[in-house]
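S.K.: Handing you this structure, nothing more for now.
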Amino acid sequence: MGIIAWTILGAIAGFIANMIAGGGNEGVIMTIILGIVGAVVGGFIAGSVLGIADVTGLNISSIIVAVIGAVIVLAIWHFINGRRTTGSAV
């Protein structure tokens, strides 16, 4: 897949994952980045662990795999980000 297709798939997966997992204050760019990372993670899980075909294009099965991966990545992101403190209590 080309970079534009990965960006579109990441945006779709990130948006849907934000709707499922409850989005934070990531913003549009971070949502796309987390979606792209999620697509890669989902493709790895689908291909290596489950034996399903990799993310091959902009189709329903690829979007489902990417969304599952994006939800996993978003949950990890919220876990890591939620543990950080700013050092000031107001």
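Okay, residues lined up against (1) assigned to a loop (DSSP other than H, G, I, E, B); (2) at pLDDT below 80; (3) touching a strand residue (DSSP E or B) at 6+ places or on another chain (Cβ under 7 Å); (4) surrounded by fewer than 15 Cβ atoms within 10 Å (Cβ to Cβ):
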{"residue": "ALA39", "(1), (2), (3), (4)": "no, no, no, no"}
{"residue": "THR56", "(1), (2), (3), (4)": "yes, yes, no, yes"}
{"residue": "ILE63", "(1), (2), (3), (4)": "no, no, no, no"}
{"residue": "ILE68", "(1), (2), (3), (4)": "no, no, no, no"}
{"residue": "VAL71", "(1), (2), (3), (4)": "no, no, no, no"}
{"residue": "TRP77", "(1), (2), (3), (4)": "no, no, no, no"}
{"residue": "GLY82", "(1), (2), (3), (4)": "no, yes, no, yes"}
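S.K.: Look through ILE8, ILE52 and report the one residue that is modelled with pLDDT of 75 or more and surrounded by fewer than 20 Cβ atoms within 10 Å (Cβ to Cβ). It would help to see each step written out before you state the result.
M.R.: Values: ILE52 fails: modelled with pLDDT of 75 or more.
Testing whether each residue is modelled with pLDDT of 75 or more and surrounded by fewer than 20 Cβ atoms within 10 Å (Cβ to Cβ) leaves just ILE8.
S.K.: Next up: Need pairs with beta-carbon distance below 6 Å; first residue under 20 Å from GLY10 (Cβ atoms) and within segment 72-90, second of a type in the set (Val, Ile, Thr) and at pLDDT 85 or above; sequence gap 6+ or separate chains.
M.R.: From segment 72-90, the pairs are VAL73/VAL37.
The values are calculated or read from the model by the stated rules, or taken from the named source; none is laboratory data. The structure displayed is predicted, hence computed values, not measured ones. Because the Cβ atoms are built from the backbone with ideal geometry, glycine has one as well, and the counts that use them run over all protein chains shown.
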